[in-house]
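This report refers to the structure that appears directly beneath it.
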Amino acid sequence: MKSLSPVLLVLTLFATRCASETPNVTGPPIQTHAELVDFFFEWRNFATPSMNDGVPDYTPAAMSVQYAALPAWQARLEAADTTGWSTSEQIDWYLIWVEMNGLDFAHRVNRPWTEDPAFYVWFYPSPTDVPEREGPNIHGAVELPHYDRPLSAENATEIASRLRNAPAVFTQARTNLVGNGYDFWKTSERSILEQSTALKSFSADVAAAHPDLAAAALEAEAASDSFAHWIAEQLPSKTGPSGIGKDNYTWNLRNVHLLPYTWEDLVLLMKRELARSHTALRLEEHRNRDLPRLTKMASAEEYDQRFHAAVDEYLTFLENEAIVPMKDYMEGALRARVGQFTPSEGLRGFFSEITYRDPLVMRTHDYHWIDLARLREEPYTSPIRQTPLMHNAFDSRAEGMATGMEEMMMHAGLLDDKPRTRELIWVLLAQRAARGLGGLYQHGLEMTFDEATEFASKWTPWGLLPADGATIQHEEQFYLQQPGYGTSYVIGKIEIERLIAEYARQQNGNFILSEFMDDFNRAGIIPVSLIYWELTGDKSMLNEALRVP
C-alpha cells in the first residue's frame, strides 16, 4: 500500500532514531490475508505490556523499548503486498494500521501511564456496553463481569491472586506518574476512591462463600485508599493543562478513528446538533402543550411492569416494521438490562431520569447489548474483526449506532403514539452534544474540567444534568482521558446517516432497511468510514480522513 506513505507520519518521526535502540522485528513478507491474520496476532502480542509477577510493566524502560520497536512493525505492515485482495481483506489491513497509530499516539501524546492516575484502576465490577472497556486502561485489570456468577472456587482463587497484585500496581504507579495535568489528578482521586468502595462491597458480597477472596478484596481496598491519599497529596503541585491541543486531537481523529474532520469541524457539527436538538425539543413541547407531562415511575412493581413491557413493545416494533433481521438472542440481551427500581426523592443520574419517565426510549440505545450478543453468537469470519479494536477505535460505530437508533426509531414510527416521549429523544441528543462540546473544549485548551461540566449542565434541558452530579463528572473525565470518544456518539450518528444516504442512493429507489441493517451489522464494529467503503464500494470517506486525493 505504497500510496499510504505520506500519511504514515510515524515513520518519518522515528526514522532518525538510533538503530541500536530499535529491537529487530522480522518476519516473512505479508502476501495473503491469512498471513495478515497471523501478523495481527503477533502484533497484539507485541502491543500487550509484559507482565512481571502479575503486574503489567509500564515503567519508563519498558515503554521506551516498546516505542522504539513500533516503527519496524509499521514498516512491516506497510510492506504488505495487498494486490488482488478483496475490499474486506484490505479493510482488515487498515484495522491493524489504526491500532498501530493508536499505540503511537498513546506514546507520543496521551501517555496515560505517566499522566493519569485513574489509568491504574485495577478493579471493574460492572460491565461495559462496548466491545472493549472505554478509555485507556491498565492491562490486566480485574474485569469482574468476565467471570460467571456465582463464582466457582477456581475463579475465586484466580481473582484473589490478581487482587493481591494491587499494592504492587500502585507502587509502580507512584514512580511512573510524573504528569502535571491538574484536572487528571483532581478527577483521579475520586476514581480510585470509587474503586475502594467497590472492593469493600465486593468483599461483603463474597465473604460467606469465598472468605479468602473477601480478604484479598479488603487488602486491595487498603492499597487503593493509600494510593488515593497519595494522589491527593500530589494535587497541590499540579498546575498544567490536561488536554492535548487541537492539532493532536485532529491527528487522532484522522489516523486512529478514521474520521474526515478536524477539531474545528467537530465543534461546528456539535454546535449544529446542539441547536437542532434544542429547537426540535421546543417545537415538540409546543405541540404537546395541552398534554400532561411525563411522570416518573414510583414503585418497584411499576418499574418491572413498564420495563418489560417496553422490551416487548420494542421487539415487536422491530419485527413488525422489518427494521432489522430478528435473532433469538436479542430478547435476552434487552431483558438483561432491565435492572431494578431505585427509590429517590431527588434527581437520579441523567439516564435514569430519562428511563424513569419512559423506559422505551433507552431500549433503542440498547443496540449496544444486541451488538455484544451478536459478537458472541455470530462470530465474524475474520479473526481481526472478531477482536475488539484497541484504543476504542470502534467508538464511532458502537456509540454512533446506539445513539442513532434513538432518533431513527422515532422517525420510523416507534413513538408515533407517544408525543411526550418524543421530547426525551431531543433531550438525549442535546445532552450528548453539550457534553461532547465540553470534551472538545477541554482538549482545545479552551475550558477546564470544571468549566466543561458547567457548560454541559447549562445546555442540557430540564435541569437534568447538574454540573456536580456523577453523570457529567464521570463523562467529562472520561472524555479528557480518551480524546475523540466524547464526540463519537453524535459524530458517529452523522457518519452512519451519511452511509445510509449513499447506500440508499445506490439502490435506485429499492432501499430495504432490513437489508441495510444486515449488511451493516455483518461489517463489524469498526470505524464507519471502513463500513462505508465495504457497503458502497466508495472509499471517499476514508480518503477524506487520510487526505488522499
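The values are calculated or read from the model by the stated rules, or taken from the named source; none is laboratory data. If you're wondering where the values come from, they're calculated on a predicted model, not measured in any experiment. Neighbour counts run over all protein chains shown; Cβ positions are idealised from the backbone, glycine included. Ligands, DNA and RNA are excluded from the accessible area calculation, which covers all protein heavy atoms including side chains. Shrake-Rupley method; radii C 1.70, N 1.55, O 1.52, S 1.80 Å.
If packing is taken as the mean number of other Cβ atoms within 10 Å per residue, what is the order of 426-435, 78-87, 224-233, 98-107, highest first?
426-435, 98-107, 224-233, 78-87
Taking the Cα-to-Cβ direction at Thr114 and at Thr279 and moving 7 Å from each Cα, how far apart do the two end points lie in nm?
Using points 7 Å along Cα→Cβ, the separation is 4.7 nm.
How much net charge surrounds Leu213 when only other residues with a Cβ under 15 Å from its Cβ are counted (Lys, Arg +1; Asp, Glu -1)?
-3
Give me the distance in nm between label points sitting 7 Å out from Cα along the Cα-to-Cβ direction at Gln340 and Arg376, one decimal.
About 2.1 nm, to one decimal.
Roughly how many Å² of Glu154 are accessible to a 1.4 Å probe, to the nearest 10?
150 Å²
Name the shape class, rounded, prolate or oblate, that the alpha-carbon gyration tensor gives for the stretch 217-260, where a ≥ b ≥ c are the square roots of its eigenvalues, rounded holds for a/c under 1.5, and otherwise prolate holds if a/b is larger than b/c and oblate otherwise.
Here the stretch 217-260 falls in the oblate category.
Using 0.36 nm per residue, how much length does the chain from Ala309 to Thr171 gain when fully extended, once their Cα-Cα distance is taken away?
Net length gain for the segment: 44.7 nm.
Cβ under 14 Å from Ala470's Cβ, Ala470 left aside: what net charge do those residues give with Lys, Arg +1 and Asp, Glu -1?
So the surrounding residues net to -2.
Just tell me which aspartates and glutamates come within less than 15 Å, Cα to Cα, of Lys296; anything on the same chain fewer than 8 places away is out.
Asp304, Glu345, Glu353, Asp358, Glu423
Assuming 0.36 nm per residue, please report the length gained on full extension of the stretch Tyr147 to Ser514 beyond their Cα-Cα distance.
Result: 128.7 nm gained on full extension.
Which of rounded, prolate, oblate describes the stretch 393-521, given a ≥ b ≥ c as roots of the alpha-carbon gyration tensor eigenvalues and a/c under 1.5 marking rounded, otherwise prolate only if a/b is larger than b/c?
Taking the square roots of the gyration eigenvalues as a ≥ b ≥ c, the stretch 393-521 is oblate.
Between Ala62 and Glu446, what's the calculated FRET efficiency when r is the beta-carbon distance and R0 is 30 Å? Round to 0.05.
Given R0 = 30 Å and the Cβ-Cβ separation, E is 0.30.
Please work out the Cα center distance from the stretch 207-271 to the stretch 446-522, rounded to the nearest Å.
20 Å
Would you mind working out the accessible area per residue for the chain, using a 1.4 Å probe, and quoting it in Å²?
41 Å²
On the full set of protein chains, 1.4 Å probe, figure out the accessible area of Lys458 and give it in Å² to the nearest 10.
150 Å²
For the stretch 361-454, give the magnitude of the charge dipole about the Cα centre (Cβ charges: +1 Lys/Arg, -1 Asp/Glu; no others), in debye to the nearest 20.
Result for the stretch 361-454 is approximately 320 debye, rounded to the nearest 20.
Whole-Å semi-axes of the stretch 303-452's equivalent ellipsoid, largest first, each the root of 5 times a Cα gyration tensor eigenvalue?
Computed over the stretch 303-452, the values are 26, 24, 15 Å.
Mind listing the Cα extents of the chain along all three principal axes, in Å, largest one first?
75, 61, 48
Given the protein chains as shown and a 1.4 Å probe, how many square angstrom of Ile500 are accessible, to the nearest 10?
Estimated to the nearest 10 Å², Ile500 gives 30 Å².
Compute the signed sum of charges (Lys and Arg +1, Asp and Glu -1) over the other residues within less than 11 Å, Cβ to Cβ, of Glu534.
Combined, the nearby Lys, Arg, Asp and Glu give -1.
If I model a spin label at Ala69 and Asp53 as a point 7 Å from the Cα along the Cα→Cβ vector, what separation in nanometres do I get?
2.3 nm
Tell me what the chain gives for mean residue ellipticity at 222 nm when only DSSP H runs of n ≥ 4 count, each as -39,500 (n - 2.57), the sum divided by the residue total, rounded to 500 deg cm²/dmol.
-19500 deg cm²/dmol
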